[in-house]
Amino acid sequence: MDPITQNTPAMMHPLPGQSNNQDRSARCSERSVPLIPRDQLREHQRNEILLAARQGKLGIRAICAEQELGYLNQVNKVPRPVCWVWPGVPIQTRPSGTESKVGITNPEMLAVYKKNAETWQLINSGKAVHELSVKCLSDDSEIKKKMGELAERRWDVYPGFTSGHLQPDGTFSPPKLTPYGKTGLIPYPELLTTGYDKAQIKCYFITKEEATRNISDILQEKHRLEDTLGIGSLPLAVYCQSSGSLEVYFEEELVGNQLRQNEACLDNLALSHGMDPQIFRGILNILPMSLKSESLNKVELKVFLRAIALNKLTGIILNSACYNDENLQLIKDNKSAKLPLMVESAKLP
């Protein structure tokens with residue numbers, strides 16, 4: 001028995017409605033999979049991921065592919081942490097650095113924390129899951145309630161404060177201003193899983209902020225992960241930390257003959273129109289990835305933007321507080337009125 005599970009009290013059991021991973025895998029193998037059209041299969045996979053997210057059953061994990069392959073091949077898997085996202089709630093995901101992120105559905109939980117509890121401390125410290133500095137919650141319903149409250153609090157007139165509490169030495173700690181304002185992101189909750197298998201990895205995950213990079217480069221990184229883990233093509237899930245929106249795409253919806261060639265010219269195109277390339281990429285990134293890909297797959301790129309629209313879009317990119325439904329709706333309304341977009345066109349060299 002691994003040290004984390006060994007030090008977990010008996011009351012810490014899988015959350016209600018969760019079954020054993022092995023039982024679930026066995027049931028899946030017993031059922032025959034009917035042949036269905038590819039489009040229907042894609043929609044089923046897309047809906048499965050979106051439904052898991054809405055139900056709070058989608059965990060995001062940053063992994064190194066080679067190390068993860070070794071873990072997935074283990075017979076007795078040790079607990080692993082994931083961060084939790086919930087559509088409509090602006091949750092900050094864990095920074096991945098050079099690691100890739102994957103979406104894991106229906107992870108069985110050993111412990112639930114309202115923020116990063118640094119559960120790696122459990123490996124060598126001999127501590128139990130309820131002995132970390134972050135409070136261990138009773139179940140996932142409590143974290144859903146807490147995240148909903150924090151999302152609502154972003155729109156309060158007055159800044160949020162923590163509740164006062166007694167400290168270990170018996171003194172009272174007064175309420176303090178929360179570390180993130182009403183326009184800030186909510187720190188991600190950390191869930192400690194009992195372990196998971198390869199079949200539970202359902203998507204390759206990136207944030208909307210990371211999607212300013214070339215789509216072709218993102219797909220290439222996805223391919224490397226799939227090849228290393230020995231799994232089929234994964235859908236691409238794009239999560240916006242500012243709005244909490246979640247989009248799911250398939251590779252066939254994004255690739256095209258002109259994509260890589262046009263993406264390689266984006267920076268030069270921006271500079272030729274007197275724009276900072278990162279601002280230009282940020283403006284393109286406001287579009288859903290399917291529309292962004294559709295534009296980039298055209299032989300002739302349209303370069304949009306009257307001065308008023310450009311200033312408004314640039315303000316949204318530079319100031320995250322402007323990234324809200326009201327401003328985005330204004331841009332959409334202006335587009336329908338043919339004010340801002342697609343005024344002049346420029347051929348790529």
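Centroid-to-centroid, using Cα positions, region 188-240 and region 72-113 are 11 Å apart. When peptides 112-122, 249-259 are sorted by average Cβ neighbour count within 10 Å, with the highest value leading, the order is 112-122, 249-259.
Rounded to the nearest 0.05, the FRET efficiency derived from the C-beta distance between T228 and N116 at R0 = 25 Å is 0.40.
With a Förster radius of 41 Å applied to the C-beta separation of D267 and D169, the computed FRET efficiency comes to 0.15. Highest mean packing first, where packing is the average number of other Cβ atoms within 10 Å per residue, the peptides 91-97, 239-245 line up as 239-245, 91-97.
Every read-out reported here was derived from the displayed coordinates using simple, explicitly stated rules and does not represent laboratory data. Remember, predicted model here, so these are calculated numbers, not experimental data. FYI the Cβ positions are ideal-geometry reconstructions off the backbone, even for glycines, and counts take in every protein chain you see.
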